[in-house]
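A short write-up of the structure that comes next.
The values are calculated or read from the model by the stated rules, or taken from the named source; none is laboratory data. Keep in mind it's a predicted model, so treat the numbers as computed, not measured. Just the protein is used for accessible areas: all its heavy atoms, side chains included, with ligands, DNA and RNA removed. Shrake-Rupley method; radii C 1.70, N 1.55, O 1.52, S 1.80 Å.
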Amino acid sequence: GVPVSSRVSAKIQQLVNTLKRPKRPPLREFFVDDFEELLEVQQPDPNQPKPEGAQMLAMRGEQLGVVTNWPPSLEAALQRWGTISPKAPCLTTMDTNGKPLYILTYGK
């Protein structure tokens, strides 16, 4: 015969043992049908605050004018701000407490 490596047979044995394990239970065992609860009319909580004031309605405003002197790209806008106001803050990094760690200006 052909010599058999113990490593190969161990892997085959592991595969056989894996196949012998019970499979996962079907999904329906995890699914809880709450359709009856959805059919019940839920009563509002009496302690819930009541809305106050008049209902707001959306209004149509005036049309925005088209600005023609906007930079063509974000890079161009940053370049423009870098020359106009180089010391103005552009980006701020914060620590976990909300305190500024580093402030990047438009000039940088």
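For segment 70-83, the criterion of being open to solvent by 100 Å² or more (accessible area, probe 1.4 Å), at pLDDT 80 or above, on the phi < 0 side of the Ramachandran plot and assigned to a loop (DSSP other than H, G, I, E, B) is met by at least one residue.
Gln43 - would you say it is open to solvent by 100 Å² or more (accessible area, probe 1.4 Å) and modelled with pLDDT of 85 or more? It would help to see each step written out before you state the result.
Working: open to solvent by 100 Å² or more (accessible area, probe 1.4 Å): yes; modelled with pLDDT of 85 or more: no.
Criteria not met by Gln43.
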